[in-house]
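A short worksheet on the structure shown next.
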Amino acid sequence: MIVNKKSDGRRLSLKGKQAAQRRYNLTLLALCIPGLICLFLFNYLPMGGIIIAFKKYAPMKGLFASEWVGLKNFEFFFTSQDMFRTIRNTVLYSITFLITDLLFGVLIAVLLYNLRTKVGLKVYHTIIMIPRFMSIIIIAYIVYALLSQQSGVLNRIIVSLGGTAIQWYTKPAYWPFILTIVHIWAGLGSGCLYYYSALTATDPTLYEAAEIDGANVLQKTWHISIPELIPIMVMMTILGIGGLFNGDIGLFYQVTRNTGLLYSTTDIINTYTYRALLAGSLEKSAAVGLFQSVVGLFLVVGTNAIVRKISPENSMF
Amino acid sequence: MKLRKRKSPVGQILLNIFFILVCICYVYPMILLVTISLEGDPGFGFSIIIRKFTLQAYEQIFARPERILQAYGVTFFYSIVATFGSLLVMSMFAYALSKRDFKYRNIITFLLFFTTLFSGGIVPSYLVNAKFLHLNDTIWIYIFPSLMNAWNCIVLRTFFQGLPEGLNEAARIDGASELRICFQIVIPLSLPALASIGFLAFIGHWNQWYTTSIYIRDINLYSLQYLLKIYIDGEEQVRAMMQQGMLNEFDAQNQLKSLETLRFAMAVVAAGPMLFVFPFFQKYFAKGLTLGSVKG
């Protein structure tokens with residue numbers, strides 16, 4: 001009797017445990033449901049909508065009844081001049097921004113770190129962060145205030161020095177520099193944060209030891225600070241390479257005021273697909289977008305595979 | 001103390017001069033925005049020196065403030081709802097994923113992570129949102145598609161995993177259910193992280209123009225920044241009218257100039273409040289940005 005009861009109790013508790021386990025899993029699953037619905041509707045369902053890139057879309061018939069046209073929508077892009085131009089611009093700007101972000105981020109972080117006054121540090125950084133709170137539209141207004149042909153500050157300076165006013169918004173050659181400067185200006189405050197917070201996490205005894213050995217500021221920076229930052233610099237570069245085929249549409253569309261004359265140096269894949277969508281050529285826009293997504297996927301997976309080989313702890317997956 | 005003294009003050013002075021110069025590059029454009037909007041005689045061009053002070057542009061804006069107030073209201077509403085909604089949805093999601101013994105953890109994590117690698121692009125999203133879900137020209141287009149953000153979810157999950165395990169254990173022994181642990185222990189303990197992520201998200205919503213430009217035709221649902229963008233485009237309309245001979249050159253030039261002042265006044269009205277609020281939240285903001293660098 002006693003033995004029976006015991007084994008009975010054990011079986012019951014086992015069953016109870018299983019039920020509790022199931023309830024536990026179901027509760028957690030229930031917590032995921034709103035998020036899963038969002039992922040399904042706004043991330044996975046659109047992936048199915050990619051078929052529009054292979055169709056001639058007729059709104060009246062709907063997506064599924066529309067006629068298949070194979071790769072015709074891709075042909076349009078790949079045989080046009082636009083392809084070379086947009087891909088070149090996208091990749092070159094990404095590489096430029098990658099390098100400037102790295103250089104200026106590290107530079108400002110190291111300089112902020114060497115500031116002795118807490119108040120100065122706070123004030124300077126708060127001011128450098130301002131653009132992060134402004135929309136790209138406001139930034140476009142500022143750029144316009146500087147570059148406007150008749151009233152712009154820059155042209156007024158040029159004229160007062162005896163030069164002739166430059167029509168900035170019609171000269172594509174200037175824009176790679178203008179956009180790079182705007183990008184650096186707007187991103188400096190948040191860009192240096194990663195490096196700065198890594199520096200503040202550095203073991204202070206390293207610096208103290210170096211000071212006792214008579215190292216000066218430059219030596220300390222070069223031999224202690226910079227090596228501390230290398231892992232983050234590697235991470236940022238990897239993320240950047242993954243995003244090589246992607247650009248910030250606000251910068252390239254709003255700051256250039258979508259000026260057709262400037263497209264040769266300012267049109268990137270994102271602005272191209274955006275304009276095509278607004279113009280109503282959905283299929284072409286979708287084809288270019290799909291091309292962009294696929295290349296982007298390969299870039300991320302590829303760089304990650306390389307990183308996993310070199311330093312597994314830095315790989316994303 | 002001895003070591004500190006060896007620091008050369010010259011270096012610090014140079015450093016401070018450098019940062020002051022950098023800061024001028026940031027403060028000057030802000031002042032410029034304001035002075036252009038206050039300039040009554042735009043003939044001289046843009047400058048931070050006001051030649052003829054006038055509040056005319058602001059009077060013009062506030063004489064008929066309906067449009068801009070409407071845009072403020074819409075933008076504020078959807079920014080708040082979308083921010084809090086997404087924080088709720090994402091914390092629940094991240095809480096479940098933070099449990100290592102959750103049976104469906106791997107598959108759901110994969111579903112989440114895959115969205116960071118590949119996306120359908122803007123057109124398929126447009127088809128789903130506008131043609132299938134009919135969210136276009138409704139305020140929901142600002143809210144629903146942005147509820148889930150994979151990166152923020154991963155950051156939150158990592159944060160939850162870093163909370164002391166003992167808390168969960170103690171609550172469970174006291175008989176608290178998973179739901180209770182999630183909402184009454186883990187989420188309240190994570191408020192700093194949630195505030196940081198939420199503040200970043202709020203800024204993103206507040207400053208967006210892209211969604212409006214694609215999905216919204218109803219002027220009553222314009223976001224603030226999009227309204228501002230429309231004002232930039234106003235100039236092209238005047239130029240077009242001039243070219244079509246509806247305005248003579250003199251009138252057109254005048255109109256363009258007063259329009260210019262008006263537009264910069266609009267920019268100040270649209271950007272101002274955020275610039276006043278932001279120094280107070282800067283701390284959270286900096287935290288939010290670096291939270292993202294914690295690896296999941």
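The values are calculated or read from the model by the stated rules, or taken from the named source; none is laboratory data. From a predicted model like this one, the values you see are computed outputs, not experimental measurements. We place every Cβ from the backbone using ideal geometry, glycine too, and count neighbours over all the protein chains shown. The area values use the complete protein model at the heavy-atom level, side chains included, leaving out ligands, DNA and RNA. Shrake-Rupley method; radii C 1.70, N 1.55, O 1.52, S 1.80 Å.
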**Prompt:** Where in the range B:112-146 is the amide nitrogen less than 13 Å from a point lying 7 Å along the Cα-to-Cβ axis of A:ILE37?
**Reply:** B:144-145
**Fill in**
Percent of all Cα-Cα pairs per 20 Å bin for chain A, counting from 0 up to the last occupied bin, reads 22, 43, 26, 8, 1, 0
**Message:** Taking beta carbons within 10 Å but only from partner chains, what does the mean come to for residues A:242-249?
**Reply:** 1
**Request:** Provide, in order from the shortest bin, the percent of all Cα-Cα pairs of the range A:71-158 in each 10 Å bin, continuing until the bin that contains the maximum pair distance.
**Result:** 13, 20, 31, 23, 9, 4, 0
**Asked** How crowded by other chains is A:146-153, given as the mean number of beta carbons from other chains within 10 Å of each beta carbon?
**Response** 5
**Prompt:** Residues in the range A:264-308 near a label at A:ARG88, defined as backbone nitrogen under 19 Å from the 7 Å Cα→Cβ point?
**Reply:** A:264-273
**Prompt:** Taking the Cα atoms of the protein assembly as shown, what is the range of coordinates along each of the three principal axes, in descending order and whole Å?
**Reply:** 109, 82, 50
**Request:** Mind ranking B:107-114, A:197-204, B:63-70 by how tightly packed they are, going by the mean number of other C-beta atoms within 10 angstrom, highest first?
**Result:** B:107-114, A:197-204, B:63-70
**Solvent-accessible area per residue, Å², over the protein assembly as shown with all protein chains present [probe radius 1.4 Å]** = 51
**Fill in**
Taking the dipole of the range B:80-225 about the Cα centre (Lys, Arg +1; Asp, Glu -1; charges at Cβ), the one of B:TRP206, B:ILE154, B:ILE108 that reaches farthest to the positive side is B:ILE108
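At R0 = 22 Å, how high is the FRET efficiency between B:ILE49 and A:ILE158 if r is their beta carbon distance? Nearest 0.05 is fine.
Plugging the Cβ-Cβ distance into 1/(1 + (r/R0)^6) gives 0.80.
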**Message:** For the range A:74-156, which trypsin sites (Lys or Arg not before Pro) pass both filters: DSSP loop (anything but H, G, I, E, B) and at most 15 other C-beta atoms within 10 Å?
**Reply:** A:ARG116
**Request:** Could you tell me which of the pairs A:LYS17/B:LYS99; A:LYS171/B:LYS229; A:LYS284/B:LYS131; A:LYS118/A:LYS220; A:LYS284/A:LYS309 are separated by over 29 angstrom between their Cα atoms in the structure shown?
**Result:** A:LYS284/A:LYS309
**Fill in**
On protein heavy atoms with a 1.4 Å probe, the accessible surface that disappears when B meets A, both sides summed and given to 100 Å², is 8700
**GNM result for chain A, Cα springs below 10 Å: residue of A:THR273, A:THR79, A:THR27 fluctuating most strongly** = A:THR27
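Report, as an integer, the average count of C-beta atoms from other chains found within 10 Å of each Cβ along A:299-307.
On the way: counts 0, 3, 2, 0, 0, 1, 0, 0, 0.
That average works out to 1.
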**Message:** Between A:GLU75 and B:ASP101, what is the label-point separation in nm under the 7 Å Cα-to-beta-carbon projection?
**Reply:** 6.1
**Message:** From the C-alpha coordinates alone, can you work out the Kirkwood hydrodynamic radius of the range B:1-158, in Å?
**Reply:** 21.8
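As a test of the definition: which semi-axes, in Å, follow for the range A:1-135 when you take the square root of five times each eigenvalue of its alpha carbon gyration tensor? Largest first, please.
Result for the range A:1-135: semi-axes of 52, 41, 14 Å.
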**Item:** For chain A, built as a Gaussian network whose Cα springs stay under 10 Å, the top-fluctuating residue of A:MET134, A:MET60, A:MET233
**Value:** A:MET60
**Asked** With the contact rule set at Cα under 8 Å and sequence spacing of 6 or more, what percent relative contact order holds for the range A:46-158?
**Response** 10
**Fill in**
Nearest-0.05 FRET efficiency for B:ARG67 and B:LEU275 at R0 = 30 Å, using Cβ-Cβ distance, is 0.90
**Message:** Given a Förster distance of 60 Å, report the FRET efficiency between B:GLN56 and A:LYS15 from their Cβ-Cβ distance, rounded to the nearest 0.05.
**Reply:** 0.15
**Prompt:** So which residue, out of A:HIS223, A:HIS183, A:HIS125, gets the largest mean-square fluctuation from a GNM of chain A using Cα contacts under 10 Å as springs?
**Reply:** A:HIS223
**Item:** In nm, spacing of pseudo-spin labels at B:ALA170 and A:VAL119 (7 Å Cα→C-beta vector)
**Value:** 4.2
